[in-house]
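Only one structure is covered here, and it is reproduced in the block below.
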Amino acid sequence: MATSKGFLTDTSLCIGCKACEVACKQWNQLPMDGVEWLGTSYDNTHSLGATTWRHVTFAELPGSGGAGAQTNWLMMSDVCKHCTHAGCLEACPTGAIMRTEFDTVVIQQDVCNGCGYCVPSCPFGVVELDVAHGPAPTLAGAGHDGKAHKCTLCYDRLQDGLEPACAKACPTDSIIFGDQDDLWAHAEKRVAELQGKGLNAYHYGDEQVGGTEGVGRLGASFILLDEPHKYNLPEHPILPQDHTFPGLATMAAAAVGLAGAIAWALMGSEE
Amino acid sequence: MNEGRDGVLTTTDEVRSSYYGFPVIKAAHWGWLVVLYFFFGGIAGGGLTIGALATLRGERRLARLAHYIGMAALLPSPILLILDLGRPERFLHMLRILKVRSPLSLGSWALTLLGLFGGGAAGLQLLSDLTGKPVLPAAQKAFAVLTLPFSLFLTGYTGVLLAVTNIPLWARNYLLLGPPFVASAFSTTLAAISLFSEKHEDAERLARAEVMCAVAELSFLTAGLVRLGRLGRPLTSGSWAAVFWPVTVLAGLLAPLGLNLAAAGSGSVTMRRASAVLTLLGGFSLRTVMIFAGRESARRPEDYFEYTRKR
Ligand code: SF4
C-alpha cells in the first residue's frame, strides 16, 4: 500500500506564471479556455472546471494608506483538494469516483454516466460536467463527452513513479508534491517562518488549525496569507452527506404521518 | 470597480468579500427534465402509496384509480432521468452499487424496485378490472406491502436529494426540504384522483385530505423559510420570487385551500375541479422554483460564505 500523496501549494511563493496550468493541460490533453481577462485582473481561466484542473487566482487588494499605497497581490494555484471525506465521491451513484491507492480521488471515465450529482456536492466547486450547456469548451477531439472531470493528481504519472505535471513545472516550488505527512511537517515549519516575518500565514486544509472540519484534512492543502474567502475558499466546508440520514428521517416521518392521515380521511366508508 | 484618484482602477469591496464575485461552487445542471421527473415521481409515489393502502383496506374504487394514476406517472420517470444523463447509454451503471449516504443512489434503487412491486400491484389491478373479479387477492396484498416502503420514499426523497449538496438554498434547509415535497406529492396525487373520480360521495373525503396536505405543505414551507433566513433570498426576492409567491404559494396552495373549504359548503363540482387543477400547477411550480432558484443560490458567493461560516 502506497502512502497518502498530496500537494502543498504555498501561495507565498506563487508568482502567477501559470506554468502549472499549462503543464496540466499539456499532460492531460485538455483544451485551452480562450483568452479573456477576467475579474479585471490577469486571470483568464475564471475557475476550476471540466477542462481546467489547475487555476491561478489573481486577487488585487489595495493596500491601506490611500492612493499610491502598494497593491497587495494574492496569487494562488487552486486545484482539487482530494478531500479525506470527499463530497463528490460520496455522492457518486455509479462508483465511478474512487479513492486510489495514493489516497487521492479519481473519476474512472469508463464508468461515469454523467448524472452530475458530484458537481453541486463538491464544497469547493471543483468537478464539472463536460456538457454542451456548461461553460466548459470541448474536450480535445472528443466533442463534449458528457462526463464529469477534475484533477486526477496525475494518477497515471504517480503509478509510474513520477510527480504530477504541475508540481514538476512550478518554477518557484510554490506547488510541491509528496507524502502527506511530509507535506504537513513542511507546512508547519514554513508557516512559522512566514509568521516570523510578520505575515498572516496559516495552513488551510489542516483540521487542527481550523481550515476544514466536515471534509477532513485536505490531500491538497494550501499556505494562505489572507482570509480564505479572498481566495474564494470556504472557511468551514461542509460534507453534504452528513445531512443524508437526518434529512431522510424528517422526510420519512412526514411521509408516514401524511399517508396515515390520508388513509384516515379517505377510507373506511366505501361500500 | 472604482476609478482611483489618479485614474488607475482600484478594487472595491467585491474583492475584499469574495474573489471578484465569482461563484465559489458549481450549480447542478438539472433543468426541465428533472423538474418533470420530480413532478411525476411525486405522483407515482403518492398514487402507489394510496393504492397500496386502499388495497389493504379493501377500498376497491380508490385502489383502482390510485394504482392507475401512480403507474401512469411512474412510467415516464426513468425515461426522463435517463435523458438527463450526460451518457444515457450508461444508465445501468446506477445499479452497479448501492450507496446509502447518496440520495441519488438510493433513489435509483427505489425507482427500480417500485417499478417491480408497484408494477406488479398495478398489473394485478388491471387484470382484476378486465376479468371483473379479484385476481390473486393474496398476491395483491403482498405487492401492496412490498410497494409501501419504496412508494413512500419516492414521495419525498427528491427534496433530500437537493438538500444533500452544497447549494445554500437547499443545504441549509436539509431537515425541511423533504417534508414539503412529501406533502406536495400527496396533494398533487389527490388532485389527480379527484379529477378522475366520478362518485360524488368520494369528493367530500378527497377534499378533506387535500386540505390536510395543503396545510402541511404551507407549514413546512414557512418553517423552511424561517430556517433559511437570508439564504432564502433566491426564492423569496430573487428572479424566481415572481413565480414562487403568485404561482406556488397563492395559486397553488392558498387558492385551492380556499376553494376546497368553500366547496365543502356549496358542494360545487366546478370549484373542486378548479382546486385540483391549481394544486397540480402549484406542485409543478414548487419543483420548478426550487430547482432553478438553486442555480441562483449557487451563483452567490456571499450566500455560500455565510453557509460555511465557522460558528
Ligand atoms: S475538492 Fe471537490 S472534487 Fe476534489 S475531492 Fe474534494 S469534493 Fe471531490
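The values are calculated or read from the model by the stated rules, or taken from the named source; none is laboratory data. As the structure is a prediction and not an experimental result, all values here were calculated from the model. Virtual Cβ from ideal backbone geometry, glycine too; neighbours counted across all protein chains shown. All accessible areas refer to the heavy atoms of the entire protein, side chains included, with ligands and DNA or RNA removed. Shrake-Rupley method; radii C 1.70, N 1.55, O 1.52, S 1.80 Å.
What the table shows:
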read-out	value
Qualifying positions in the stretch A:101-111 - open to solvent by 10 Å² or more (accessible area, probe 1.4 Å) and part of a loop (DSSP other than H, G, I, E, B)	A:GLU101, A:PHE102, A:ASP103, A:GLN108, A:GLN109, A:ASP110, A:VAL111
The stretch A:72-96, residues that are away from the ligand (no atom under 11 Å from the Cβ), in contact with a Cys (Cβ under 8 Å, 6 or more places away or on another chain) and open to solvent by 10 Å² or more (accessible area, probe 1.4 Å)	A:MET75
Hits in the stretch A:168-191 - residues which are out of contact with any helix residue (DSSP H, G or I) (no Cβ under 8 Å at 6 or more places or on another chain) and of a type in the set (Asp, Glu)	A:ASP179, A:ASP181, A:ASP182, A:GLU188
Counted residues, the stretch B:209-259 - those being surrounded by fewer than 24 Cβ atoms within 10 Å (Cβ to Cβ), without any contact (Cβ under 8 Å) to a residue 24 or more places away in the chain and within 10 Å of chain A (Cβ to nearest Cβ)	1
Any hit, the stretch A:23-42, residues being within 12 Å of chain B (Cβ to nearest Cβ), more than 20 Å from A:ILE175 (Cα to Cα), out of contact with any helix residue (DSSP H, G or I) (no Cβ under 7 Å at 6 or more places or on another chain) and among the polar types (S, T, N, Q)	yes
Top-ranked residue in the stretch A:97-124 [being more than 7 Å from chain B (Cβ to nearest Cβ) and aliphatic (A, V, I, L, M); ranked as farthest from the ligand (Cβ to nearest atom)]	A:MET98
Single residue of B:GLU204, B:GLU306, B:GLU210, B:GLU302 found to be under 23 Å from B:PRO179 (Cβ atoms) and of a type outside the set (S, T, N, Q)	B:GLU210
Subset of the stretch B:169-192 [within 8 Å of chain A (Cβ to nearest Cβ) and either among the charged types (D, E, K, R) or free of Cβ contacts under 8 Å to residues at least 24 places away in the same chain (or both)]	B:TYR174, B:GLY178
Residue within the stretch B:117-132 that is more than 8 Å from chain A (Cβ to nearest Cβ) and under 18 Å from the mean Cα position of the chain (by Cα) present	no
Unique residue being assigned to a helix (DSSP H, G or I) and touching a His at 6+ places or on another chain (Cβ under 7 Å) when the list is B:PHE305, B:PHE244, B:PHE292, B:PHE284	B:PHE305
Tally of residues being part of a helix (DSSP H, G or I) and open to solvent by 80 Å² or more (accessible area, probe 1.4 Å) across the stretch A:23-43	2
Unique match (being in a helix (DSSP H, G or I) and touching a residue at least 12 places away in the same chain (Cβ under 8 Å)) among B:ALA121, B:ALA138, B:ALA142	B:ALA121
Criterion violated by B:PHE196 - all others in (1) within 8 Å of another protein chain (Cβ to nearest Cβ); (2) touching a residue at least 12 places away in the same chain (Cβ under 8 Å); (3) open to solvent by 30 Å² or more (accessible area, probe 1.4 Å) satisfied	(1)
Matching entry among B:LEU74, B:LEU48, B:LEU62, B:LEU83 (being more than 9 Å from every other protein chain (Cβ to nearest Cβ) and modelled with pLDDT under 95)	B:LEU83
Failed item, numbered, when B:THR165 is tested on (1) in a helix (DSSP H, G or I); (2) crowded, with 24+ Cβ neighbours inside 10 Å	(1)
Members of the stretch A:46-63 that are out of contact with any His (no Cβ under 9 Å at 6 or more places or on another chain) and away from chain B (no Cβ under 12 Å)	A:ARG54
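Residues are listed down the side, and each one gets a yes or a no for (1) farther than 22 Å from A:CYS122 by Cβ; (2) within 16 Å of the ligand (Cβ to nearest atom); (3) open to solvent by 10 Å² or more (accessible area, probe 1.4 Å):
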| residue | (1), (2), (3) |
| --- | --- |
| A:SER174 | yes, no, no |
| A:ASP179 | yes, no, yes |
| A:ASP182 | yes, no, yes |
| A:GLY205 | no, yes, no |
| A:GLY214 | no, yes, yes |
| A:GLY219 | no, yes, no |
| A:TYR231 | no, yes, no |
| A:HIS236 | no, yes, yes |
| A:ASP242 | no, yes, yes |
